[in-house]
Amino acid sequence: MPNFSLPDIKARNDFKGKPLSAVTTQLCYPDFQQTVAGQKIYTWRRGTAMQECLIKVVMAGDIVDSYDTSGDAPICSPYLAPAQPVPAQ
């Protein structure tokens with residue numbers, strides 16, 4: 001397994017409470033967008049089909065309400081929210 005370092009918890013993305021532009025500055029434009037129960041949900045996909053990370057942002061109006069990642073730990077680690085624990089290797 002390649003040697004990689006996990007970002008310091010303070011260096012992780014802390015987008016909650018910020019405008020969508022703060023997220024798109026870091027991640028570019030989302031790969032998917034949908035509206036559920038009046039809330040916009042944006043999703044970014046990083047990696048490949050075999051090693052993938054999905055990054056999901058749920059908006060409350062123009063402000064990020066929640067931010068979450070799921071998928072392959074080495075791909076997701078740079079995008080983890082501060083509240084998310086780093087998965088065990």
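Whether any residue in region 60-73 is in a loop (DSSP other than H, G, I, E, B) and open to solvent by 80 Å² or more (accessible area, probe 1.4 Å) is what I want to check. Yes, because at least one residue in region 60-73 is in a loop (DSSP other than H, G, I, E, B) and open to solvent by 80 Å² or more (accessible area, probe 1.4 Å). The residue that is farthest from GLY61 (Cα to Cα), among those in region 23-39 that are among the hydrophobic types (A, V, I, L, M, F, W, C) and more than 12 Å from the chain's Cα centre (by Cα), is PHE32. For first residues located in region 21-41 and closer than 16 Å to TYR79 by Cα and β-branched (Val, Ile, Thr), partners that are part of a loop (DSSP other than H, G, I, E, B) and at pLDDT below 90 and lie 6+ apart or on another chain with Cβ distances below 9 Å form the pairs VAL23/ASN13; VAL23/PHE15. Scanning region 32-58 for residues that are surrounded by fewer than 11 Cβ atoms within 10 Å (Cβ to Cβ), part of a loop (DSSP other than H, G, I, E, B) and at negative phi yields THR48, ALA49, MET50.
The values are calculated or read from the model by the stated rules, or taken from the named source; none is laboratory data. Quantities reported herein were computed from a predicted structural model and do not represent experimental measurements. With ideal geometry, Cβ positions are generated from the backbone for all residues, glycine too; neighbour counts draw on all protein chains shown. These accessible areas exclude ligands, DNA and RNA; they are computed on the full protein's heavy atoms, side chains included. Shrake-Rupley method; radii C 1.70, N 1.55, O 1.52, S 1.80 Å.
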